[in-house]
Amino acid sequence: MAEIKTITLDYLEVVEALIIKQNLHEGIWQLYIEFSIAAANMPTGDHKLAPCAIIPVKKIGLHRVAKEGPLALDASKVNPE
């Protein structure tokens, strides 16, 4: 069997994994991603520089919301006690 090198998850799979990891059993939780922004002069390949924006992901987590949606799951269904 080939060695697995990459595992990918869609948004709701990430929400589900975080709900289970945080041992949440109630509430509706939505994917939360916090970004930062920075700037730098980057080479363009033709021996010139161009100002560029760099947008790193700062935090990934969960945010409690009122209803289920495309990025939100009910912890009582995903991780019942």
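Observations
- The alpha-carbon of Lys58 sits under 26 angstrom from the alpha-carbons of these lysines, leaving out residues fewer than 8 places away in its chain: Lys5, Lys21, Lys67.
- Extension gain (nm, one decimal) between Leu49 and Asp74, 0.36 nm per residue minus Cα-Cα: 4.2 nm
- Extending 7 Å from the Cα toward the beta-carbon at both Lys58 and Met42 defines two label points whose distance is 2.0 nm.
- Rotationally averaged projected area of the chain (alpha carbon convex hull; nm²): 9.3 nm²
- Between the helical axis of 11-21 and the longest alpha-carbon principal axis of the chain there is an angle of about 60 degrees.
- The mean sequence distance of close C-alpha pairs (under 8 Å, at least 6 residues apart), as a share of the length of segment 7-81, puts its relative contact order at 44 percent.
Any read-out appearing in this document is the output of simple, stated calculations on the displayed coordinates, not a laboratory observation. For clarity, every value in this text was computed on a predicted model and none was experimentally measured. Note that we place each Cβ from the backbone using ideal geometry, even for glycine, and neighbour counts take in every protein chain shown.
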